[in-house]
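Working notes, structure below.
The values are calculated or read from the model by the stated rules, or taken from the named source; none is laboratory data. If you're wondering where the values come from, they're calculated on a predicted model, not measured in any experiment. Cβ placement follows ideal geometry from the backbone for every residue including glycine, while neighbour counts extend to all protein chains displayed. The accessibility values were calculated without ligands, DNA or RNA, using every heavy atom of the protein model including side chains. Shrake-Rupley method; radii C 1.70, N 1.55, O 1.52, S 1.80 Å.
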Amino acid sequence: MASHCTWVAQVYDSHSMDHPTATQMGSGHFPEEGANKASSFSNIEYITLRHRVSTPELHDLKAEVTHPGCYRLSQVITGAGQELHFFYGGPGGHSPNCTF
């Protein structure tokens, strides 16, 4: 039985092993640029062992961003219909603050 779920976003560029990749994540816009520009995940749910769709508890969710100068993740937000969503993305090496 699983005790946790993981959602992962990764950018890979085989030509940039020791320096930031120019590859964008999502739309290439940071989350703080909002819904009209940033990419998002909406209606975050999982399926239980009893085959029921369930929404994670907001206080149980944790985020980790390894290169925030390149890519970012917003706080998880509860929408009007109580669905969970968040914004993510970034310009990668096109950002002047992107370092590894």
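The table below lists the values:
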| item | result |
| --- | --- |
| Residues satisfying the stated conditions in segment 55-79, i.e. outside any loop (DSSP other than H, G, I, E, B), open to solvent by less than 100 Å² (accessible area, probe 1.4 Å) and at pLDDT below 90 | 58, 60, 77, 78 |
| Members of segment 29-54 that are within 13 Å of the chain's Cα centre (by Cα) and open to solvent by less than 100 Å² (accessible area, probe 1.4 Å) | 29, 30, 31, 38, 39, 40, 41, 42, 44 |
| The one condition in (1) over 19 Å from residue 97 (Cβ atoms); (2) in contact (Cβ under 8 Å) with a residue 40 or more places away in the chain; (3) open to solvent by less than 40 Å² (accessible area, probe 1.4 Å); (4) of a type in the set (S, T, N, Q) that residue 21 fails to fulfil | (1) |
| Cross-chain or 6+ apart pairs with Cβ under 7 Å, segment 82-100 first and loosely packed, with under 13 Cβ neighbours inside 10 Å, then not in a helix (DSSP H, G or I) | 97/69; 99/20; 99/69 |
| Residue selected from segment 1-36 under the condition of a type in the set (Ser, Thr, Tyr) and under 26 Å from residue 57 (Cβ atoms), by the criterion modelled with the lowest pLDDT | 3 |
| Close pairs from segment 57-70: first of a type outside the set (A, V, I, L, M, F, W, C), partner open to solvent by 80 Å² or more (accessible area, probe 1.4 Å), Cβ under 8 Å, at least 6 apart | 67/99; 67/100; 69/97; 69/99 |
